[in-house]
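A short worksheet on the structure shown next.
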Amino acid sequence: MLFVLCLIGAFIPAISQDTTLVRGFCIAAPSPNELPRFLKFIREELVPRKVNTLILRVDYNYQYKSHPELIGSQALTEAEVKQIVTLCKANQINLIPQINLLGHQSWASQLGKLLQVYPEFDETPHVKMPEKYEWPNADGLYCKSYCPLHPEVHKVVFALVDELMEVFEAKDFHAGLDEVFYIGDDKCPRCSGRDKAELFAGEVTKISNHLQQNGRTLWLWGDRLIDGKQTGLGMWEASMNNTHRAVDMIPKEVVICDWHYDRAEPTAAYFALKGFPVVTCPWNKSEVALAQLDQMLSFKQHSNPQLSRRYRGMMQTIWSGAGAFMDAYYNPDQANDNLKGQVKCFTQLFDKLKNVD
């Protein structure tokens, strides 16, 4: 019996027991002309604040060799990426690339690169992109999704993921997976009638399993795993289309990035109790970020060791481009209120976080 259990255990992916406190920063990858200034920002601003995790939202802004048809207009070369890799390695920063998978395949009136080139992957091809985007709208269009059951989609996106992981020399990958409103559409020939939670869990598990084959770990935003109705968090910070039950169907080694921007909602405790490592993520309100930091530290302090180590730390999210954020950081008098808020949140959060053991 012991031999059998050992064999079974050999096929169970190891869950990270890393107890290093995440001091994370998430931002869009810089364009090539912004790269020198971005490297300076890492050296002079992130490193002194002890930032040890940097998520770069790359998407199609890399010069892919596996699928050159998907290269975006502001794509970094391999040599340019290696400059970031070298600098981060020298300063013990865990560099994590991101490609939005499943959702966020369009923005406003524009399709993203994947669905431009491969329209057959569209979960809702009957929903046409408007000339002028407005929310709300009759189609419920926020962002398009690809169909998770299309037989060819993963061959394409996993090739991009693998290539990006190699060039970034990364051990973790962020797949986005937030704000997925289109899933299991009634008109999809593959997904119609299927359980949305099972569809979402199936996609998360497929991505995680693919990464685990090479000893890599999936990170994702946590909103689709929270019940928006029962918690009162609604359709943005949580799910109103029943994907939340997927929280009990996905691998426990997945790292949850738990974002809330207006209040210090206690959902990190929910994810930790479910067995996941969780990173708390603010945006542009420093008072919320500092409250979230206090809350996270309190959870760690007052939990047993098994739960305590699941509270992995903090990561600020920046939802402007790298250039716009750096403009605001170095020239705050010329920035709008949103950018000023992001800068203030960055300085106040990390000035306090860098002193936390």
Tell me, yes or no, whether region 84-95 has at least one residue that is surrounded by 13 or more Cβ atoms within 10 Å (Cβ to Cβ) and either part of a loop (DSSP other than H, G, I, E, B) or modelled with pLDDT under 95 (or both).
yes
Having 1 or more residues that are free of Cβ contacts under 8 Å to residues at least 12 places away in the same chain is the bar; report the helices (runs of 4 or more DSSP H) wholly within region 253-309 that clear it.
286-301, 305-308
How many residues does region 105-148 contain that are touching a strand residue (DSSP E or B) at 6+ places or on another chain (Cβ under 8 Å), under 16 Å from Leu160 (Cα atoms) and not hydroxyl-bearing (Ser, Thr, Tyr)?
5
If you scan region 28-59, which residues turn out to be surrounded by fewer than 21 Cβ atoms within 10 Å (Cβ to Cβ) and either touching a Lys or Arg at 6+ places or on another chain (Cβ under 6 Å) or part of a loop (DSSP other than H, G, I, E, B) (or both)?
Ser31, Val47, Pro48, Arg49, Lys50, Asn52
Scan region 143-176 residue by residue and report those that are out of contact with any helix residue (DSSP H, G or I) (no Cβ under 8 Å at 6 or more places or on another chain), more than 30 Å from Ala79 (Cβ to Cβ) and crowded, with 21+ Cβ neighbours inside 10 Å.
Ser145
Say we look at region 196-239 and pick out the residues that are under 22 Å from Phe121 (Cα atoms) and in contact with a strand residue (DSSP E or B) (Cβ under 6 Å, 6 or more places away or on another chain); which of these is surrounded by the most Cβ atoms within 10 Å (Cβ to Cβ)?
Arg224
Log entry, pairs with first residue in region 104-117 being in contact (Cβ under 8 Å) with a residue 60 or more places away in the chain and closer than 15 Å to Val180 by Cα, second being outside any loop (DSSP other than H, G, I, E, B) and small (Gly, Ala, Ser), beta carbons closer than 6 Å, six or more apart or on different chains, reads His104/Gly176
Gly193 meets each of (1) crowded, with 18+ Cβ neighbours inside 10 Å; (2) more than 17 Å from the chain's Cα centre (by Cα); (3) part of a loop (DSSP other than H, G, I, E, B) with one exception, condition (1)
Please work out which one of (1) aliphatic (A, V, I, L, M); (2) in contact (Cβ under 8 Å) with a residue 40 or more places away in the chain; (3) crowded, with 22+ Cβ neighbours inside 10 Å is the condition Met249 fails and give its number.
(3)
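The values are calculated or read from the model by the stated rules, or taken from the named source; none is laboratory data. Given the structure is predicted, the values throughout are model-derived calculations rather than measurements. Note that we place each Cβ from the backbone using ideal geometry, even for glycine, and neighbour counts take in every protein chain shown.
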